[in-house]
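What follows is one structure encoded as structure tokens, with my remarks underneath.
The values are calculated or read from the model by the stated rules, or taken from the named source; none is laboratory data. The structure displayed is predicted, hence computed values, not measured ones. Please note: Cβ atoms are built from the backbone with ideal geometry, for glycine as well, and neighbour counts cover all protein chains shown.
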Amino acid sequence: MIDALVPPYLRRLPDDTRTPCYGHGELMVPDTPHPPATLTDAARALCAACPIQQACADWATSTRQPHGVWGGLTPAERRAVQRPECGTDAGWRSHRARNEGCTTCREAHDERLREGRRARLEQEHREHGGSLAGYRLELLLGLPTCVRCRAVRQEHYASLPRAPKWYRRTAA
Ligand code: SF4
Ligand SMILES: [Zn+2]
Ligand SMILES: [Zn+2]
């Protein structure tokens, strides 16, 4: 294998261990972007006999290796099983679908949520001065509520018809 491309799990193998691709760098990662099928098939055949095929395929897929056959998978095959990148909305949704926890994706998702709420609050202030929605957004964002939003809220609740307290009701 070309030294710069040796992934960490291969470096950790004992010195006398040779994977089937050892010494076949040109076959596994050919110089051309569209290698002939015979070359790809030969590379695949080597991987098929490799004891660390799964780790190799996982590594190449997760690190998005653009070239070569790794773990028996071509770049196109790896792209097909590729998971969306962590930190993106697609990454967050893919974790949720699999019921997985990911700090990077959760923090990025929370930040996007806050960003959206900040933008909506700005819009409320710009378009209405203050509003009930603005008041709620200020609470959700952990911001001090502003005078205008508070005033709208007070007005809103003051205008609601109030049922008389039970002890003030006159007997029918
Ligand atoms: S799976 Fe293929 S590319 Fe990966 S170490 Fe084994 S032979 Fe080499
Ligand atoms: Zn993630
Ligand atoms: Zn406000």
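Things to note:
- Restricting attention to segment 51-88, the residues that are in a loop (DSSP other than H, G, I, E, B), at pLDDT 90 or above and away from ligand 1 (no atom under 11 Å from the Cβ) add up to 6.
- Listing of helices (runs of 4 or more DSSP H) fully contained in segment 89-172 that carry 1 or more residues being over 27 Å from the mean Cα position of the chain (by Cα) and charged (D, E, K, R): 103-128, 132-140, 147-159
- Within segment 111-120, not a single residue is closer than 29 Å to residue 84 by Cα, touching a Gly at 6+ places or on another chain (Cβ under 6 Å), hydrophobic (A, V, I, L, M, F, W, C) and away from ligand 3 (no atom under 16 Å from the Cβ).
- Answer residue from segment 115-160, given it is among the hydroxyl-bearing types (Ser, Thr, Tyr) and surrounded by fewer than 15 Cβ atoms within 10 Å (Cβ to Cβ) and is farthest from ligand 1 (Cβ to nearest atom) among those: 159
- Test: residue in segment 49-60 that is without any contact (Cβ under 8 Å) to a residue 24 or more places away in the chain and within 16 Å of ligand 2 (Cβ to nearest atom): yes
- Residue in segment 124-134 that is touching a helix residue (DSSP H, G or I) at 6+ places or on another chain (Cβ under 7 Å), among the acidic types (Asp, Glu) and at pLDDT 95 or above present: yes
- If you filter segment 67-114 down to residues that are surrounded by 14 or more Cβ atoms within 10 Å (Cβ to Cβ) and among the polar types (S, T, N, Q), you find that the one that is nearest to residue 56 (Cα to Cα) is 74.
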